[in-house]
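What follows is one structure encoded as C-alpha cells, with my remarks underneath.
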Amino acid sequence: MTESVSSANAQRHSIDPDIRSRAWLDESQYQEMYQRSIEDPEGFWRDQAKTLAWFREPETISRSTFSATGTDIRWFEDGTINAAWNCLDRHLETRGDQPAIIWEGDEPGDTKTLRFRELHGRVGQCANALKSLGIGRGDTVTLYMPMVPEAAIAMLACARIGALHSVVFGGFSPDALAGRIQDSGSRVVITADESVRGGKHIPLKENVDEALSREGTEIVEHVLVVRRTGGDTAWHDRDRWYHEVVDGQSRECPAEELGAEEGLFILYTSGSTGKPKGLKHTIGGYLLYTSLTHRYVFDYHDGDVYWCAADVGWITGHSYIVYGPLANGATTLMFEGVPSYPTHGRVGEIIDRHGVNILYTSPTAVRALMAHGEHIMDSSSRDSLRMLGSVGEPINPEAWSWFHRVVGNGRCPIMDTWWQTETGGHMITPLPGFSEIKPGAAMKPFFGVRPALYDNEGNRLEGEASGNLVIEASWPGQARTIWHNHERFEQTYFSMHEGVYFTGDGARRDADGDYWITGRIDDVLNVSGHRLGTAEIESSLVAHEAVAEAAVVGYPHDVKGQGIYIYVTLNDGVTQSEELRRELISRVRHDIGPIATPDIIQWAPGLPKTRSGKIMRRILRKIASNELEGLGDTSTLADPSVVEELIEHRHQ
Ligand code: WT7
C-alpha cells in the first residue's frame, strides 16, 4: 500500500463561493445531517424515504445484520414501490416535456432527445413486449447493448414489470457473456446488431450468437435485436428485431407494485478469486440512495443538464446515468462514442452543444485527454460547466489539476467519489458546499455511512491512521447478496473482520478525519477504472497448453492507472516466442474481452513461492513496478534465486 500525502502538507482547494452558496447544504448543515443519520438512522431514513413515491410507505426502516454466518440486509421491507414509476410517471405532470435523455451518437451532431413523456411511452411499449415474451416478476433479462436510448429503456422496462436486468458491458467477450447469461438464468437477451465507437463497428449480435453456442445457455428463448447500424447478422429462430416486437405495443403498461426488497438488477463484477459475482441490488433502498447522492453530491437542481460519461454496463451507468438522475427528474446525457473521436476536442464540444452543467467521468479519461495537451480544449468554451465528478480509481494530483484548470476553466470543484459496484452509490465524497477540498482525497462519508479503518489483526484504528477500509453499518444502497450464492457474499465481504463490511480497499484517515483511498489491497486490478480479477486472467492463461503457471499483477500505468503485468512459466519443452506471446494475449482478450488485454508478459522460469507453495505476489508486484529496493524478506522463499532471475529479465 502506498502512503498518501499527510494532511499537514496536503494541498487545499477552496470551492468557488458562487458554487458553494448555491449548494443544497453548507458544511455545518452536512455535519448536522450526517450526525443525525448516524445517531438516529431510523428517523433520518424514514424522512428521506419520503422523497420517493411509494405505493405503500414503509413502516419498518432497516433490519440488517453483518456477519460471516448470517448477513441479512433489509431496508424499507414492508414498503411497496416501482423504480420505473419513480423515474418516469411521477414526473409526467410537472416535466413531461422536459428532456429526460439527451443522446449523442458516435458521430458529432447525431443526437436525439427523449422527453419524459416520450420515454415513459417507449418504456411502456418495451415492458409490454417483454410481457408478451412471458417475462414477469422475478425473471432475469440480459442486456448486451451499445450506449443507445434502448439500453435505458430496456432497463426501465424490466423495472416496470418486476424483472431483474443483468447488463453485460458490450466490451466483454462471448465467453464472458455466456457465463453471465448462464449464471443469471436469463430467458431473454436484448442486444443490437452492432455497436459503434470511434467509427468502429463491434458485432454485438454475432457475439451473442457465439455466446449462445456455449453449453449452459440453452435456456435463452428469445433474442431481441435493436437495429443500430443495419450491419449483416446471421438470423436464428430465436431472434426478433426489437422494433418489430416493441413498436406495435401499447405505450401504457401498469407499473407493478413491488416489495422494496424485490430485486431490481444483477450486475457482475470481478473479485479476487473465482468467477465474476452477480451482485444483486433491490429496489427501494437502491433508488433512494442513488437519487439522494445524485442530488447532493453533484448539487443537482431542476433544469440542470447532467452528463455521466460512463457506460451503462457498469454500476456507474446504472446509478448515475439511469436511476439516480431520472428519479430526480434530471436531464441525463448519454454518449455512445469515445472522447477521442473524431478529435480530442469531443468532450468539450458535447458540453457546449448540450449546455452540460455537471460532468462526471474517470481519472483514466482525464489522463487520456491530458496526454494530448491543453489545446484540445480550444474548440469549446465549456462555460456551462459548474461541477465535475471523478470515479473509478484514485485521481492523481496532475490529473486533478488538469481536470480542474483545463476542463473546468479553474472554476468547477471536483467531487472525487469513492464507491463500488457493491455499495450502489457514493460512499465517501466531498460535497459542493464544503469550503475546502483536498485534491486526491475522497474526504467525508455520505449520510448514513460509517467508515472505519482496521489493521490486519482486526484492531479498529483511531485518529490519524492507515488500514483496511470497512463500513460498520448497513446503508440503503448496499447490494443484498451474490446471485444464488449468499455464502460467497458473506465470505467475501463479512468474514475478514466480523460484524463489518470489508471493502477490499486500503485507506488513510488524516488528522482532519478526511479519507484518502489508497487502492485495492486484494488481488483485484483496476485497469482504466475497470475491475478485473487476477484469478480470472490467470485461469484463462493456464488453460493454454503451453502454460504451466501464470501470475498476474498490476503495475503503475500512466494512462490506465494500472496496467496488467503477467509472469508466465511455460511447460517443459515449450520455447518462448513472440508468436506465443501474441497468442496468449489474444487468448485473454478472447476469454474476457479487450479490457483485459495484457500489457506485459514476462517469461518466468519459476515463480517466487513460499515453502508451502504459495506464490508471493507482493514480490511480483514490486518487480513489475520496478520497486527493487525493499523487496522485503525473501528468506522464506523455497528458492530465493528465482527473484534474481526475474529482476534481471524484468520488462523495461
Ligand atoms: C473500486 C470499485 C464505483 C464505480 C466505479 C468502479 C476503486 C472507485 C474510487 C475513488 C479511489 C476508487 C476502488 C473500489 N475506486 N472510486 N474515487 N478513489 N478509488 O466500481 O468496478 O465496483 O470498482 O474502484 O478500488 O473498490 P467497481
Flag if P397 is within 16 Å of the ligand (Cβ to nearest atom) and within 23 Å of the chain's Cα centre (by Cα): yes
Top-ranked residue in segment 50-69 [being touching a residue at least 12 places away in the same chain (Cβ under 8 Å) and over 21 Å from R480 (Cα atoms); ranked as most open to solvent (accessible area, probe 1.4 Å)]: R56
Residue satisfying condition, being within 20 Å of H344 (Cβ to Cβ) and crowded, with 22+ Cβ neighbours inside 10 Å, within set S401, S390: S390
Checklist (1) touching an Asp or Glu at 6+ places or on another chain (Cβ under 7 Å); (2) more than 23 Å from Y296 (Cβ to Cβ); (3) surrounded by fewer than 22 Cβ atoms within 10 Å (Cβ to Cβ) applied to D378, failing item: (1)
Test result for V356, of a type in the set (V, I, T), open to solvent by less than 10 Å² (accessible area, probe 1.4 Å), in contact with a strand residue (DSSP E or B) (Cβ under 6 Å, 6 or more places away or on another chain) and modelled with pLDDT of 95 or more: yes
Filter result for G303 (open to solvent by 10 Å² or more (accessible area, probe 1.4 Å), within 30 Å of L92 (Cα to Cα) and assigned to a loop (DSSP other than H, G, I, E, B)): yes
Residue match in segment 330-339 (condition: open to solvent by 10 Å² or more (accessible area, probe 1.4 Å), within 15 Å of the ligand (Cβ to nearest atom) and part of a loop (DSSP other than H, G, I, E, B)): no
Segment 280-300: number of residues that are outside any helix (DSSP H, G or I) and open to solvent by less than 10 Å² (accessible area, probe 1.4 Å): 5
Residue that is nearest to the ligand (Cβ to nearest atom), among those in segment 412-464 that are under 30 Å from I266 (Cβ atoms) and out of contact with any strand residue (DSSP E or B) (no Cβ under 9 Å at 6 or more places or on another chain): G425
Single match in D72, D47, D97, D18 (criterion: without any contact (Cβ under 8 Å) to a residue 60 or more places away in the chain, closer than 30 Å to E150 by Cα and surrounded by fewer than 18 Cβ atoms within 10 Å (Cβ to Cβ)): D97
Among residues of segment 13-53, those that are within 18 Å of P432 (Cβ to Cβ), outside any helix (DSSP H, G or I) and more than 28 Å from the chain's Cα centre (by Cα), counted: 3
Residue in segment 600-617 that is of a type in the set (S, T, Y) and touching a residue at least 40 places away in the same chain (Cβ under 8 Å) present: no
Residues of segment 340-353 satisfying the condition of being open to solvent by 20 Å² or more (accessible area, probe 1.4 Å), without any contact (Cβ under 8 Å) to a residue 60 or more places away in the chain and closer than 19 Å to R197 by Cβ: T343, H344
Odd one out for G324 among (1) in a helix (DSSP H, G or I); (2) closer than 22 Å to V196 by Cα; (3) within 16 Å of the ligand (Cβ to nearest atom): (2)
Residue in segment 90-100 that is within 22 Å of T282 (Cβ to Cβ) and assigned by the TED database to the domain that holds E436 present: yes
Subset of segment 513-563 (residues that are open to solvent by less than 30 Å² (accessible area, probe 1.4 Å), charged (D, E, K, R) and under 26 Å from K609 (Cα atoms)): E536, E538
Within segment 632-650, considering residues that are surrounded by 15 or more Cβ atoms within 10 Å (Cβ to Cβ) and at pLDDT 80 or above, the one nearest to E578 (Cα to Cα): R650
D78, sole failed condition from (1) closer than 20 Å to I428 by Cα; (2) open to solvent by 10 Å² or more (accessible area, probe 1.4 Å): (1)
Failed item, numbered, when R589 is tested on (1) over 30 Å from N207 (Cβ atoms); (2) touching a residue at least 12 places away in the same chain (Cβ under 8 Å): (1)
Segment 239-271, residues that are open to solvent by 40 Å² or more (accessible area, probe 1.4 Å) and either among the polar types (S, T, N, Q) or modelled with pLDDT under 95 (or both): Q249, S250
So S495, is it away from the ligand (no atom under 16 Å from the Cβ), touching a His at 6+ places or on another chain (Cβ under 9 Å) and touching a residue at least 40 places away in the same chain (Cβ under 8 Å): no
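Residue by residue, here is whether (1) in contact (Cβ under 8 Å) with a residue 40 or more places away in the chain; (2) away from the ligand (no atom under 16 Å from the Cβ); (3) not aliphatic (A, V, I, L, M) holds:
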position	(1), (2), (3)
D522	yes, no, yes
V527	yes, no, no
E536	yes, no, yes
A548	no, yes, no
V553	yes, no, no
H557	yes, no, yes
G561	yes, no, yes
Exclusive hit being without any contact (Cβ under 8 Å) to a residue 40 or more places away in the chain and either assigned by the TED database to the domain that holds Q125 or among the polar types (S, T, N, Q) (or both), set R228, R295, R238: R238
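The values are calculated or read from the model by the stated rules, or taken from the named source; none is laboratory data. Everything quoted here is computed from the prediction, not taken from an experiment. Using ideal geometry, Cβ is built from the backbone for each residue, glycine included, and neighbour counts are taken over all protein chains shown. Heads up: the accessible areas ignore ligands, DNA and RNA and are worked out on the full protein's heavy atoms, side chains in. Shrake-Rupley method; radii C 1.70, N 1.55, O 1.52, S 1.80 Å.
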